[in-house]
Amino acid sequence: MLNHLRLPRWVALLLLLGLAAPAALAQSDVQATEARIKAVFLFKFADYVEWPATAFATAATPFTVGVVESEPVAEELARVVEGRAVQGRPVVVRRLRTGEPVDGVQLLFVGRDGRGELRRILEQLRGRPVLRVTESEGALQAGSMINFVLVAGKVRFDIVPPDDAGGLRISSRLLAVARDVQERS
């Protein structure tokens, strides 16, 4: 279409880029909004889960959320938790890469980019009082407790209540708002 107008190629390219930029920005906005929503959910999940005293090294130990391979969620979560507390403890966000130790966290979120190591990561946490949250297909079967899913463009979550989590208890109020509650097989 632009060739028929006899515009120089660089002008045509600029016009095409100008038309593509809003679509790229819209996609970026959608991803940022999704990360923000997931971060808020992660923070709110902590209000509906009871951790045993053994989940914390001392009475002064902060509530630590580990985020594996999801920088956008980690950034948003750091903003959400700033100056806030969970069960009377200050909240700390630890950014983790695949292969790093996940010790000392009470809630662990494994992003899509960590799905290659998902089974290994989740296996390390079996029997420990760590709420395991993911965003990958098949994650609940791999040992996750909560898995984010997109339904009609909205962030929802499925839950498998813990049966091996070292004393974690998920409130029935959280189970009631899940998209699906599954039994661990």
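Just so you know, all these numbers are worked out from the coordinates, no wet-lab data involved. Computed from a predicted structure; not experimentally measured. With ideal geometry, Cβ positions are generated from the backbone for all residues, glycine too; neighbour counts draw on all protein chains shown.
Above 15 Å lies some portion of the pair distances; for region 140-179, what is it as a whole percent of all C-alpha pairs? It works out to 44 percent of all Cα pairs.
Report the net charge of residues surrounding Arg112, where surrounding means a beta-carbon distance below 10 angstrom and charges are Lys +1, Arg +1, Asp -1, Glu -1. Value of the local net charge: -3.
Shape summary: region 36-181 maps onto an equivalent ellipsoid whose semi-axes, from the alpha-carbon gyration tensor, are 20, 17, 17 Å in decreasing order. Here the extension length gained between Glu100 and Ala57 equals 13.5 nm, from 0.36 nm per residue of separation less the Cα-Cα distance. Between Glu50 and Ser172, residue separation times 0.36 nm minus the direct Cα-Cα distance comes to 42.8 nm. A simple spin-label model places the labels of Glu71 and Glu123 2.9 nm from each other, with each point 7 Å out along Cα-to-Cβ.
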